[in-house]
1. Just to verify a result, which residue in the stretch 128-172, among those that are surrounded by 14 or more Cβ atoms within 10 Å (Cβ to Cβ) and among the basic types (Lys, Arg), is modelled with the lowest pLDDT?
2. For the stretch 30-51, how many residues are surrounded by fewer than 21 Cβ atoms within 10 Å (Cβ to Cβ), free of Cβ contacts under 8 Å to residues at least 40 places away in the same chain and within 18 Å of ASP156 (Cβ to Cβ)?
3. Residues in the stretch 108-116: is at least one among the polar types (S, T, N, Q), farther than 30 Å from LYS4 by Cα and buried (at least 16 other Cβ atoms within 10 Å of the Cβ)?
4. Can you tell me how many residues in the stretch 25-51 are touching an Asp or Glu at 6+ places or on another chain (Cβ under 6 Å) and within 16 Å of the ligand (Cβ to nearest atom)?
5. Considering GLN67, GLN79, which residue is surrounded by fewer than 17 Cβ atoms within 10 Å (Cβ to Cβ) and closer than 30 Å to MET154 by Cβ?
6. Out of the stretch 52-65, which residues are in contact (Cβ under 8 Å) with a residue 60 or more places away in the chain and within 16 Å of the ligand (Cβ to nearest atom)?
Amino acid sequence: MISKQVEAELNNQIKNEAYSSQLYLAMASWAEVQGFEGVASFMYRHSDEERTHMLKLVKFVNERGGQAIVPALDAPPTQFEGLEALFEMLLNHEVEITNNINELVHLTLANKDYTTHNFLQWYVSEQIEEEALARTVLDKLRLIGGEKGGGLYMFDRDISGITVTSANDEMA
Ligand code: OFO
């Protein structure tokens, strides 16, 4: 059984993951319209991943005697200044999510809730990968000279094959 406080914070994280999914879906749609098919397919996949992160939390809260709440969400942006701005936003967002997860982990320890603490370790590892991925993509984009460089076609083509979990291998 989870405490009311842990339940409330897990529900807050459900909202954060749901927003991540919507944000990346908005990025996918923008990229598709701009003609960046590779970036769009990467973002569509990333959006799906975030939905699985949310679902994992929904099931956990319900299994532990709480009730997962499906939240109302703010609308994500519809316009992005460019690819570099888009990936910077993604990185900043993931850093924020990492902070949220760390706060949650801290709360479970303070509550001596070792079951939830154990469950959250998956998210701790996942955040290492997500931040590393965003940084690697940004580095690659800067390496080709950003928006003004001539390598955008290759960048877009390469990124379509990257998955969140295999980011480090594939971008190496
Ligand atoms: Fe769910 O990891 Fe990104 O936000």
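The values are calculated or read from the model by the stated rules, or taken from the named source; none is laboratory data. Because the structure is predicted, anything quoted here is derived from the model rather than measured. Glycine gets a Cβ as well: all are built from the backbone with ideal geometry, and neighbour counts include every protein chain shown.
1. LYS140
2. Selection size over the stretch 30-51: 6.
3. The first filter runs over the stretch 108-116 and keeps only residues among the polar types (S, T, N, Q), leaving 108, 111, 115-116.
Of the ones still in play, those that are also farther than 30 Å from LYS4 by Cα are none.
No: zero hits.
4. 1
5. Numbers: GLN67 fails: closer than 30 Å to MET154 by Cβ.
Unique residue meeting the criteria: GLN79.
6. Looking only at the stretch 52-65, we keep the residues that are in contact (Cβ under 8 Å) with a residue 60 or more places away in the chain, and these are 53, 56, 64-65.
Those that are in contact (Cβ under 8 Å) with a residue 60 or more places away in the chain and within 16 Å of the ligand (Cβ to nearest atom): HIS53, LYS56.
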